């Protein structure tokens, strides 16, 4: 692979542990040609990453990971190649973040009812939230606040006992349908890729989204095994669609990398042209 590109990672603009510029620096150290910043429902980290990319010689692709729903499942859709200054697109991202905020309020209320109160200010501190309103705050930040307050020993316990789907504090987020979100991405001039299809446990649903309008699948992902990567790459090739890949890097905590280290999964940067991203 002549020019490696990791097209899925997160920063402190959503639930990542490192600032956008730090991700760019680590990409440079890993010898990558390009990365995509794909925070949840926000482009708040993109400007900083673009500046760092220009300084360090790493090509930065603006991206977003949208929170959607299909077939009763939470489905994430990656967006690339969209117009960063498209007002309607940015407004739709804001709507998704508002849905996250309302869900956070309900989950904090649930925590209060079971004797583990967390204030909005404590959640903001756990999220490292600045004065910017376009940062995305979610369950990982609630989990960190629970750790900070001594309610649980680590993030895993917070999710396994309290925050995961079906657990006492969990609340479902109001989300756009996957196909609706794919339409939004296309209207903004971008390409829509179904993120980490292997984690949904429903290949029929994934295939229906691919045939229903998605431009590709994230075939190569830190949580995919080789057989899954082969299958998803074959599906996209047979349809003339895109097989992307990325680490889904969130950071390192207690010696553990979430989901994979930067550069753990890559594709050739030649795919960027097909994603509507010009590298020259």
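Values quoted throughout were computed directly from the atomic coordinates according to the rules given, and no laboratory measurement underlies them. Here the structure is a predicted model, which is why all the values come from computation and not from measurement. No Cβ is skipped: glycine too gets one built from the backbone with ideal geometry, and neighbour counts run over all protein chains shown.
Computed with the Debye formula from one identical point scatterer per Cα of the chain, without solvent, the log10 of I(q)/I(0) at q = 0.09, 0.17 Å⁻¹ comes to -0.39, -1.46. On C-alpha positions alone, give me the angle between the axis of helix 139-148 and the longest principal axis of the chain, in degrees, nearest 10. With both axes taken from Cα atoms, the answer is about 40 degrees.
Among beta bridges from DSSP that stay inside the chain, the antiparallel ones total about 50%. Potential lengthening of the chain between residue 211 and residue 252 amounts to 11.2 nm, from the contour at 0.36 nm per residue minus the alpha-carbon distance.
Normalised by the number of residues in segment 95-163, the average gap of Cα pairs under 8 Å and 6 or more apart makes the relative contact order 28 percent.
If one computes the Cα centroid of segment 96-118 and of segment 257-273, what distance in Å separates the two points? Cα centroid to Cα centroid, the span is 33 Å. When the helices of the chain are scored as -39500 (n - 2.57) per DSSP H run of n ≥ 4 and the total is divided over every residue, the value at 222 nm lands at -11500 deg cm²/dmol. If the Kirkwood radius is taken over C-alpha pairs of segment 173-280, then at 4 °C and 1.567 mPa s the Stokes-Einstein diffusion coefficient equals 88 µm²/s. Each peptide in 58-71, 24-37, 97-110 was scored by the mean count of other Cβ atoms within 10 Å over its residues; highest first, the order is 58-71, 24-37, 97-110. For residue 268 and residue 94, a Förster radius of 35 Å and the Cβ-Cβ distance give a FRET efficiency of 0.55, rounded to the nearest 0.05.
Sorted ascending by nearby beta carbons within 10 Å, beginning with the fewest, 274, 139 become 274, 139.
The length gained on full extension between residue 121 and residue 157, counted as 0.36 nm times the residue separation minus their Cα-Cα distance, comes to 10.7 nm.
Over all Cα atoms in segment 15-109, the spread is summed up by Rg and Dmax: 15.0, 46 Å.
Gain on full extension, evaluated as 0.36 nm per residue between residue 105 and residue 203 minus their Cα-Cα distance, stands at 32.0 nm. Mean separation of Cα pairs under 8 Å and 6 or more residues apart, divided by the residue count, gives the chain a relative contact order of 23 percent. In segment 95-163, if every C-alpha pair distance is counted and binned at 10 Å from zero, what percent goes to each bin? Cα pair-distance distribution for segment 95-163, in percent: 21, 57, 20, 1.
Using only Cα atoms and rounding to the nearest 10 degrees, what angle (0 to 90) does helix 203-212 make with the longest principal axis of the chain? It works out to around 60 degrees.
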